[in-house]
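Note sheet for the following structure.
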Amino acid sequence: MPQLVTVRVKRPDRRRIRVWVPVLPAVLVFSPVVVLAVLGVVVACLVYRVGVARALNTGRRVVCALPGTRFDMEYSRTAVLVIIR
């Protein structure tokens, strides 16, 4: 499971913003939303006749594979870099 997300934003006025977000406290804060999302996934699985356990296990495997991911986006003179550790 990812432990830390680093977000760097380079703004057009040459100022840089760097934010470190620890994943566990963020998940705890957003846990009511996470519970609703899991319930929505369960309902969608039942509607589309997909195995609930298999779908949730696949989601867990995707989240566990995220460490090491880099996402770069650049538009004009603004750049955003997201690193998941």
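The values are calculated or read from the model by the stated rules, or taken from the named source; none is laboratory data. Here the structure is a predicted model, which means the values were calculated and not measured. Quick reminder, even Gly has a Cβ in these numbers, built from the backbone with ideal geometry, and neighbours come from all protein chains shown.
Residue-level analysis places Arg70 outside the set of residues that are of a type outside the set (A, V, I, L, M, F, W, C), closer than 14 Å to Arg85 by Cβ and surrounded by 13 or more Cβ atoms within 10 Å (Cβ to Cβ). Of a type outside the set (Lys, Arg), under 15 Å from the mean Cα position of the chain (by Cα) and assigned to a strand (DSSP E or B), is that true of Val63? Spelling it out, it is not the case that Val63 is of a type outside the set (Lys, Arg), under 15 Å from the mean Cα position of the chain (by Cα) and assigned to a strand (DSSP E or B).
Can you name the residue in the stretch 72-85 that is within 17 Å of Gln3 (Cβ to Cβ) and assigned to a strand (DSSP E or B) and, of all such residues, is nearest to the chain's Cα centre (by Cα)?
The extreme case among them is Ile84.
In the condition set (1) in contact with a helix residue (DSSP H, G or I) (Cβ under 9 Å, 6 or more places away or on another chain); (2) modelled with pLDDT of 95 or more, Asn57 is compliant with all but (1). Answer yes or no as to whether Leu24 is at pLDDT 95 or above and either surrounded by 12 or more Cβ atoms within 10 Å (Cβ to Cβ) or among the aliphatic types (A, V, I, L, M) (or both). No; evaluated as a whole, the condition is false for this residue. Selection over the stretch 32-85 of residues that are among the aromatic types (Phe, Trp, Tyr) and within 30 Å of Asp13 (Cβ to Cβ) gives a count of 2. Restricting the stretch 1-22 to residues that are over 17 Å from the mean Cα position of the chain (by Cα) and not in a strand (DSSP E or B) leaves a set whose member that is nearest to Val82 (Cα to Cα) is Arg11.
Report, by residue number, each residue of the stretch 23-60 that is at negative phi and outside any helix (DSSP H, G or I). I'd like the intermediate steps shown before the answer.
If we filter the stretch 23-60 for residues that are at negative phi, which is where we start, we get 23-48, 50-60.
Once the filter is applied, which keeps residues that are at negative phi and outside any helix (DSSP H, G or I), the stretch 23-60 yields Phe30, Tyr48, Val50, Gly51.
Selection of first residues in the stretch 3-32 that are farther than 18 Å from Asp72 by Cβ and free of Cβ contacts under 8 Å to residues at least 12 places away in the same chain and of second residues that are in a helix (DSSP H, G or I) and among the β-branched types (Val, Ile, Thr), restricted to Cβ pairs under 9 Å at least 6 apart or on distinct chains, gives the following pairs, ordered by first then second residue: Val27/Val34.
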